[in-house]
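All remarks here apply to the structure that follows.
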Amino acid sequence: MEIKKQIEKAKQGDQIAFTFLLNHYWNEVYGFMLKRTENETNAEDITIETFSKAFDKIASYNSEFQFNTWLIAIAKNVHIDLLRKRKASLFVEITDEDDHQAYNIADTTPSAEDMLITEQNLSRLLQYIKELKPHYQEVIQLRYFQEMSYQEIASKIDEPLSNVKVKLLRAKKLLAEIIQKKK
């Protein structure tokens, strides 16, 4: 009964309900994907993507079905999409001409102009990050500028690992939306 209440709250946009559902189902979805992929990183990435898609589409969840069954179905689809992308990227033919050209590549050391452009882009990115809510700014800062692991971030901000993962996912998604609006 508690699960159904939390699902209804999540449908209304209640962040605490999202966190509850994530914490409640994380291990089940992650464990399922770990068995399928036999790779912790892939299982983690797929699980994060699964919850992101599920939370984005929670309004379409049909309560006639078990919530965990719905999540697993989403996870399977995310995994299939990942496999398709990898398979497509494996079939790149390299001709002898391409191989020869690879040996004749010019020096790729950044010029002064390149470095200036990079600095300007970084400055613009930092401005966009400042538009995020402070807790999203913090996880972005810790992950991408201080290069902390998910576990280190969880310890630093005293939150469960699963919260950190979804916060980072949300932060990246919101940041991408801000960047898209500014283009």
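The values are calculated or read from the model by the stated rules, or taken from the named source; none is laboratory data. Because the structure is predicted, anything quoted here is derived from the model rather than measured. In case anyone asks, the SASA skips ligands and DNA or RNA and just uses the protein heavy atoms, side chains included. Shrake-Rupley method; radii C 1.70, N 1.55, O 1.52, S 1.80 Å.
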Surface accessible to a 1.4 Å probe, Trp26 within the full protein complex, Å²: 20
Which of Thr19, Thr69 is most accessible, then next, and so on - probe 1.4 Å: Thr69, Thr19
Heavy-atom accessible area ranking, 1.4 Å probe, most first, across Arg84, Arg36, Arg143: Arg84, Arg36, Arg143
Highest-fluctuation residue, Lys130, Lys11, Lys87 considered, GNM on the chain with Cα pairs under 10 Å: Lys87
Ranked order, Ile178, Ile153 - accessible area, probe 1.4 Å, largest first: Ile178, Ile153
Theoretical ellipticity at 222 nm over the chain - DSSP helices of four or more residues, -39500 (n - 2.57) apiece, nearest 500: -24500 deg cm²/dmol
